[in-house]
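Everything on this sheet refers to the single structure shown next.
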């Protein structure tokens, strides 16, 4: 394994013999105070990403954290998918499982967690600037609708950039479990094992109603002010 130097002085692990990462990296997001709450994460800037809806995001940030070492063959990645309100900091919500000799064994696996679109913790969302341009306003309520498939395709760009050629396991619960099921579509030649927890392939009417109740409670807050 080698460390590929970045223009801003940060380093990002990549497999031996694989081209250096092409995406720009940063650890700061001045317009988004929530990103600063997550320690030791990197933010890759994806130049262009088209959603299932047809909307294209430009200079879209993708926050992620890694633990462990990527193998020379790039085949020991373990993806951890966070739930709806989670972040890329696995130690914050599944800390007891992370470490040498534990379920997320960083002595054997290159453990990576990537923040989902729409989350306030670093990836493109309503609280990031439009097109990643500091001169622009935040997306706010104009941030486009995204899907689970959008998240997985977005994250796959980063895996390719890091030199990850095969995934040993993908693990996640709740919304994270939905991402796990979507990762399975890449096939067993790419994803060797999936561990979906407390999840389903589609929302029930009950789940949809709970989500709507939560949205309406946010809309009713006077401080929301239309986003």
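Within the group 171, 194, which residue is free of Cβ contacts under 8 Å to residues at least 60 places away in the same chain and closer than 19 Å to residue 90 by Cβ?
194
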inquiry  = Exactly one of these conditions fails for residue 165: (1) under 30 Å from residue 107 (Cβ atoms); (2) buried (at least 20 other Cβ atoms within 10 Å of the Cβ); (3) touching a residue at least 40 places away in the same chain (Cβ under 8 Å). Give me its number.
reply    = (2)
query = Which strands (runs of 3 or more DSSP E) does the stretch 40-110 wholly contain that include 3 or more residues that are farther than 20 Å from residue 166 by Cβ?
reply = 42-50, 56-67
remark   = Only unsatisfied item for residue 21, checking (1) assigned to a loop (DSSP other than H, G, I, E, B); (2) modelled with pLDDT of 95 or more; (3) closer than 20 Å to residue 153 by Cβ; (4) under 18 Å from the mean Cα position of the chain (by Cα), is (2)
request  = Could you grab me the full set of residues in the stretch 176-205 that are over 13 Å from residue 81 (Cβ atoms) and touching a helix residue (DSSP H, G or I) at 6+ places or on another chain (Cβ under 9 Å)?
outcome  = 185, 186, 190, 200, 201, 202, 203
key: Qualifying positions in the stretch 129-144 - in a loop (DSSP other than H, G, I, E, B) and either surrounded by 14 or more Cβ atoms within 10 Å (Cβ to Cβ) or in contact (Cβ under 8 Å) with a residue 60 or more places away in the chain (or both)   = 133, 134, 139, 143, 144
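The values are calculated or read from the model by the stated rules, or taken from the named source; none is laboratory data. Note that the structure is a prediction, hence the values are computed from the model and not measured. With ideal geometry, Cβ positions are generated from the backbone for all residues, glycine too; neighbour counts draw on all protein chains shown.
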